[in-house]
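Take a look at the structure below.
Derivation of every value follows stated rules applied to the coordinates shown; laboratory data play no part. These figures come from a predicted structure and were not determined experimentally. Cβ atoms come from the backbone with ideal geometry, glycine included; neighbour counts cover every protein chain shown.
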């Protein structure tokens, strides 16, 4: 039996039993199709309209399409590990829940605290992005900023976050249906861009496919440089093979969000089959779309014309002036679903932590439809406040480091759970363990090294705050801790083989 200290682990049997707890039970109503929609909805965002062009123009040239493939491989390795965990422990909370079963309560708290940061900031940042696209559609990028009593606030982000909060409070199935409709719209816009743009491709624009390396201009220094550059003293470069690898690190973040699918495990019918299908189905669809868009983009114009451009730039340079309007509407649709699924992930992680007592238990109450309305409204209020009154700036990178940190723990966790609980039925199994998870960890760690020192400092500070909160509240209020003390905790089926270090 796990001990009563910070390393106490929550058995998979206990985690599954907790899903039937009266008053805090989620409703199972999602299918593999719903999960695939959620995955595509959160990954296909404004990045496809902006990130691709800037990265091609400044870092990789036409080889941006290859950078997306490399990033997809790294993401796919992590997805394998998420699929095994999600099909084995179909409980809300994603990486938080998985960590509780493998590394113990303290690590689970750390990753839960990390995910709170990731999803809250991501939702707020994307909400502000949606507001900017709304301004573009209305013909004035500043129209969504209002001033009252000397205070400026972004009413556009308040509008979208408020609307999404209401939809999430109504129900997960309704959220899935709304997401499906909006996702269909933005995919139609992306396909339109691919089909129309394909007629303007010029083969000479692909040469050279990997441009010769150049010294980077205005290279970052001090805490603004990447951790890799700070450690090695290496100078940044543009284009060449180093530029290609750097581009893979940048565009990897266009894939961020597929892990949100795992947070809905508890609300999924037949999770052993539906979760892996949802994760891999969404990843395959978005990879094809991303690579197709980059091939069209760099084939339409010379990559050097994209340094300060967007996807619309390629169309404007070819005289297709209507593209800007289509892309603006595509961006609005894209960001709407990103905010929705990110906020859904936030509420489910916080729900799992509250049910475990690491956050106030009262937050884990669900209504007659199985919806944690109180948590949904609180998350909506916090995200709306952040988006309306705070400039996000470089905080966007904190979303990236938080996600990669979660990826690393999940990948390591697969190896640990294979050793400690080989008896568990697994709906999906990662092939070639431990080789595949180890490669996935190395890939994620490489991407983390390409984030700035500044981002690492902020991340460490946030984690330090989390440690203080855990010892001040979570450790004392832990439901698992209470059950272990009074002997009511459900042990692992093979408890004698479990890790019992305290």
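Starting from the Kirkwood Rh over alpha-carbon pairs, what translational D in µm² s⁻¹ does segment 424-470 have by Stokes-Einstein at 4 °C and 1.567 mPa s?
Approximately 96 µm²/s, per Stokes-Einstein.
Pop a pseudo-label 7 angstrom from the Cα along the beta-carbon direction at both residue 245 and residue 231 and give the gap in nm to one decimal.
The answer from the label model is 1.2 nm.
Can you tell me the length gained on complete extension of the stretch residue 304 to residue 365, counting 0.36 nm per residue apart and subtracting the Cα distance?
Length gained between residue 304 and residue 365: 16.5 nm.
With everything on Cα atoms, drop me the angle between helix 105-138 and the longest principal axis of the chain, reported from 0 to 90° to the nearest 10.
Relative to the chain, helix 105-138 is tipped by roughly 30 degrees.
So what's the angle, to the nearest 10 degrees on a 0 to 90 scale, between helix 323-355 and the longest Cα principal axis of the chain?
Between helix and principal axis, roughly 10 degrees.
Quick one: work out the % antiparallel among DSSP beta bridges in segment 12-490, nearest 5.
90 percent
Which FRET efficiency, nearest 0.05, do residue 435 and residue 73 yield, Cβ-Cβ r, R0 25 Å?
0.95
How much length is gained on full extension from residue 170 to residue 155, taking 0.36 nm per residue of separation minus their Cα-Cα distance?
Difference between extended and current length: 3.1 nm.
Could you compute how fast the chain diffuses translationally, taking Rh as the Kirkwood radius over C-alpha pairs and applying Stokes-Einstein at 37 °C with viscosity 0.692 mPa s? Give it in µm² per second.
My calculation gives 141 µm²/s for D.
Please give the per residue volume of the convex hull enclosing the alpha carbon atoms of segment 300-375, rounded to a whole number of Å³.
Hull volume over Cα atoms, normalised by residue count, gives 137 Å³.
Helix 373-389 sits at what angle to the longest principal axis of the chain, using alpha carbons and giving 0 to 90 degrees rounded to 10?
For helix 373-389, the angle is close to 40 degrees.
R0 = 51 Å: FRET efficiency of residue 442 with residue 486, Cβ-based, nearest 0.05?
Efficiency at R0 = 51 Å is approximately 0.75.
Give me the orientation-averaged projected area of the Cα convex hull of segment 1-146, in nm², one decimal.
13.5 nm²
I need 486, 305 ordered by Cβ neighbour count within 10 Å, fewest first.
On the way: 486 8, 305 16.
Sorted ascending by nearby Cβ count, the order is 486, 305.
Quick one: Debye curve from the alpha-carbon atoms of segment 249-355 only, equal weights, vacuum; give me log10 I(q)/I(0) at q = 0.11 Å⁻¹ to two decimals.
For segment 249-355, the Cα-only Debye profile gives -0.51.
Modelling each spin label as a point 7 Å along the Cα-to-Cβ direction, I'd like the residue 269/residue 16 distance in nm, to one decimal.
Each label point lies 7 Å from its Cα, and together they span 2.0 nm.
Please report the spacing between the Cα centers of segment 110-143 and segment 15-44 in Å, no decimals.
Between the Cα centre of segment 110-143 and that of segment 15-44, the gap is 24 Å.
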